[in-house]
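The values are calculated or read from the model by the stated rules, or taken from the named source; none is laboratory data. Note that the structure is predicted; figures quoted are calculated from it, not measured. Glycine also receives a Cβ, built like all others from the backbone with ideal geometry; neighbour counts cover every protein chain displayed.
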Amino acid sequence: MTSTPAATQHLRDLALLRRVRDRIDRDYAQPLDVEALARGVNVSAGHLSRQFRRAYGESPYSYLMTRRIERAMALLRRGDLSVTEVCFAVGCSSLGTFSTRFTELVGVPPSAYRRQEPPPTAGIPSCVEKQVSRPVRNREAPAQSLT
């Protein structure tokens with residue numbers, strides 16, 4: 001094997017970051033913060049944040065909020081829960097923060113999203129629907145009219 005120590009360490013770091021990302025995907029509704037995620041892989045919060053951003057293009061907190069908003073979108077499309085119930089169901093503890101982040105990523109407030117007609121996804125496999133309905137990250141949502 002011709003692997004250098006630096007390349008080996010890089011692969012270990014990527015595996016560690018993948019474990020953090022998998023934990024976020026799995027436990028998004030639990031109280032998670034960067035410090036807890038860092039403790040889980042025995043690194044500092046600052047180091048984890050820097051490495052995560054370098055590997056995935058966003059901070060662990062931003063990734064967590066995106067996962068929560070994705071799940072919230074699905075719950076709001078169902079229509080049987082209020083915005084407040086959805087907020088707490090996806091692990092957010094502040095309705096204001098949830099609404100602000102939802103609006104940044106989706107382009108409309110959660111209450112307006114809930115009132116929208118469901119997207120025409122009947123017959124589309126769930127794996128494809130997830131890609132089509134994924135929220136836009138990093139404040140890139142287009143401005144939409146609420147009329």
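Some notes on this structure:
- Residues located in the range 89-104, provided they are in contact (Cβ under 8 Å) with a residue 40 or more places away in the chain and either closer than 14 Å to residue 61 by Cβ or part of a helix (DSSP H, G or I) (or both): 89, 91, 93
- Single residue of the range 43-65 satisfying the filter (outside any helix (DSSP H, G or I) and hydroxyl-bearing (Ser, Thr, Tyr)) that is surrounded by the fewest Cβ atoms within 10 Å (Cβ to Cβ): 44
- Matching entry among 48, 37, 32, 16 (being of a type in the set (A, V, I, L, M, F, W, C), touching a Pro at 6+ places or on another chain (Cβ under 6 Å) and either more than 21 Å from residue 113 (Cα to Cα) or outside the structural domain of residue 114 (by TED's automatic domain parsing) (or both)): 37
- Residue that is in the same structural domain as residue 105 (by TED's automatic domain parsing) and either charged (D, E, K, R) or modelled with pLDDT under 90 (or both), where the choices are 77, 26: 77
- Condition check for residue 23: within 30 Å of residue 83 (Cα to Cα) and touching a Gly at 6+ places or on another chain (Cβ under 7 Å): yes
- Reported count of residues in the range 14-42, each being touching a residue at least 40 places away in the same chain (Cβ under 8 Å), surrounded by 13 or more Cβ atoms within 10 Å (Cβ to Cβ) and among the charged types (D, E, K, R), is 1.
- Every test in (1) within 30 Å of residue 88 (Cβ to Cβ); (2) assigned to a helix (DSSP H, G or I) is passed by residue 32 save one, and that test is (2).
- Number of positions in the range 66-84 that are assigned to a helix (DSSP H, G or I), touching a helix residue (DSSP H, G or I) at 6+ places or on another chain (Cβ under 8 Å) and free of Cβ contacts under 8 Å to residues at least 40 places away in the same chain: 5
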